[in-house]
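Encoded as structure tokens, the structure appears first; notes follow it.
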Ligand SMILES: NC(=O)c1ccc[n+]([C@@H]2O[C@H](COP(=O)([O-])OP(=O)(O)OC[C@H]3O[C@@H](n4cnc5c(N)ncnc54)[C@H](O)[C@@H]3O)[C@@H](O)[C@H]2O)c1
């Protein structure tokens with residue numbers, strides 16, 4: 001069955017959903033119209049053959065629309081999602097779903113009360129780099145993971161418009177942190193036991209514009225998440241340490257490699273000090289090349305449009321939802337703990 005969508009908030013992301021749906025999801029979802037508080041965005045919608053509803057209620061009162069996408073700045077997500085659910089609509093909310101787990105619980109209570117589907121656009125679960133890392137972990141290619149670094153680094157410094165404002169839920173923890181955290185908590189589903197977060201406000205004083213966080217899982221995995229907006233020489237997007245090897249994804253183009261230990265017999269190390277340009281070392285001296293092998297990154301298939309195929313199949317009762325409210329709630333609770341850690345300047349023990 002084809003579903004009819006209304007979009008509330010037709011800025012950058014709202015119009016991305018629209019153009020992608022139009023190009024790639026014919027027969028699955030059709031966008032009928034939008035409501036945006038800015039006249040120029042209403043006009044843009046009309047130019048693209050969409051209905052521009054005069055206000056939110058008239059969009060939510062259209063009986064043809066059964067699915068609403070909320071793509072406004074973050075501070076409006078709760079109010080608009082609850083309003084849409086109470087009008088009997090199924091709802092996809094952009095990330096971050098809300099400003100804290102308390103707000104999310106209110107949304108989930110409304111979804112339950114109204115018997116409607118609620119999910120969040122955690123689209124980066126479909127990113128190819130993430131799927132490659134997941135495949136390496138799940139296949140056991142280089143053994144058990146114990147440390148993973150996931151970072152995104154840019155150099156634009158100043159956060160754009162509402163992203164730089166506290167009242168709108170701006171800042172990089174909400175903006176990119178939520179993606180990195182959602183990815184890592186979907187990869188390792190064991191309880192999070194401890195978090196630490198260092199947040200900086202270097203060029204945008206109201207909110208965090210750079211941060212570094214450590215997430216410790218019950219499984220033994222330790223994840224380092226980092227977002228920089230003032231970095232001019234990037235580190236790898238992913239660096240994964242497993243018991244039998246290391247994997248790296250360098251960049252957005254998914255260049256990278258895997259180095260695997262050839263066998264697990266301990267080397268009989270020469271007890272020799274190696275003198276390098278930077279000074280002497282014994283422990284860090286390079287291992288003989290023949291004891292390791294280099295492998296290409298595994299190839300994976302991943303298609304963002306599967307997010308929509310899954311949401312619509314879930315509405316039709318044919319599939320289980322991929323981005324589940326319970327998962328999003330766990331992520332939001334960890335986000336709460338990250339803010340607490342950054343504020344108090346210490347690590348926080350949790351059981352999430
Ligand atoms: N999933 C992703 O990868 C991804 C990427 C970018 C943005 N986002 C999310 O999408 C949302 C929107 O971000 P954006 O980059 O499109 O911002 P944007 O500023 O480009 O667009 C937001 C739009 O919402 C409109 N708006 C504001 N308040 C409104 C209200 N009360 N009712 C109706 N319209 C309202 C604004 O006029 C604007 O056109 C944010 O929550 C953001 O975090 C997600």
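Only a single item in (1) more than 30 Å from residue 210 (Cα to Cα); (2) in contact with a helix residue (DSSP H, G or I) (Cβ under 9 Å, 6 or more places away or on another chain) is not met by residue 338, and it is number (1). Being under 23 Å from residue 182 (Cα atoms) and free of Cβ contacts under 8 Å to residues at least 12 places away in the same chain is a condition met by at least one residue of the stretch 7-21.
Within the stretch 131-161, the residues that satisfy the criterion of being under 16 Å from the mean Cα position of the chain (by Cα) and farther than 20 Å from residue 218 by Cα are 131, 132, 151, 152, 153.
When 327, 319 are screened for being in a helix (DSSP H, G or I) and either over 21 Å from the mean Cα position of the chain (by Cα) or surrounded by 15 or more Cβ atoms within 10 Å (Cβ to Cβ) (or both), only 327 passes. Screening residue 300 on (1) under 19 Å from the mean Cα position of the chain (by Cα); (2) modelled with pLDDT of 95 or more; (3) under 30 Å from residue 66 (Cα atoms); (4) part of a loop (DSSP other than H, G, I, E, B) shows it passes everything except condition (3). Within the stretch 133-182, being without any contact (Cβ under 8 Å) to a residue 60 or more places away in the chain, surrounded by 21 or more Cβ atoms within 10 Å (Cβ to Cβ) and closer than 25 Å to residue 297 by Cα holds for 176, 180.
Is it the case that some residue within the stretch 256-267 is touching a residue at least 24 places away in the same chain (Cβ under 8 Å) and under 30 Å from residue 69 (Cα atoms)? Taking every residue of the stretch 256-267 in turn, none turns out to be touching a residue at least 24 places away in the same chain (Cβ under 8 Å) and under 30 Å from residue 69 (Cα atoms). Selection over the stretch 98-143 of residues that are touching a strand residue (DSSP E or B) at 6+ places or on another chain (Cβ under 6 Å) and farther than 16 Å from residue 331 by Cα gives a count of 9.
Scanning the stretch 78-94 for residues being within 22 Å of residue 167 (Cβ to Cβ), over 16 Å from the mean Cα position of the chain (by Cα), free of Cβ contacts under 8 Å to residues at least 60 places away in the same chain and surrounded by 20 or more Cβ atoms within 10 Å (Cβ to Cβ) gives a total of 3. Out of 278, 342, one residue alone is over 24 Å from residue 131 (Cα atoms) and surrounded by 14 or more Cβ atoms within 10 Å (Cβ to Cβ). It is 342.
Looking across the stretch 145-168 at every residue that is in contact with a helix residue (DSSP H, G or I) (Cβ under 9 Å, 6 or more places away or on another chain) and either assigned to a strand (DSSP E or B) or more than 16 Å from the ligand (Cβ to nearest atom) (or both), the one that is nearest to residue 17 (Cα to Cα) is identified as 152.
The condition (being buried (at least 20 other Cβ atoms within 10 Å of the Cβ), over 26 Å from residue 163 (Cα atoms) and in contact with a helix residue (DSSP H, G or I) (Cβ under 7 Å, 6 or more places away or on another chain)) is satisfied by just one residue among 97, 68, 31: 31. Summed over the stretch 20-51, residues that are in contact with a strand residue (DSSP E or B) (Cβ under 8 Å, 6 or more places away or on another chain) and more than 21 Å from residue 86 (Cα to Cα) total 12.
A single member of 309, 340 is within 20 Å of residue 177 (Cα to Cα) and part of a helix (DSSP H, G or I), and it is 340.
Looking across the stretch 253-281, the residues that are part of a loop (DSSP other than H, G, I, E, B) and modelled with pLDDT of 85 or more come down to 253, 254, 255, 262, 273, 277, 278.
The values are calculated or read from the model by the stated rules, or taken from the named source; none is laboratory data. Given the structure is predicted, the values throughout are model-derived calculations rather than measurements. Note: ideal-geometry Cβ built from the backbone for every residue, glycine included; neighbour counts use all protein chains shown.
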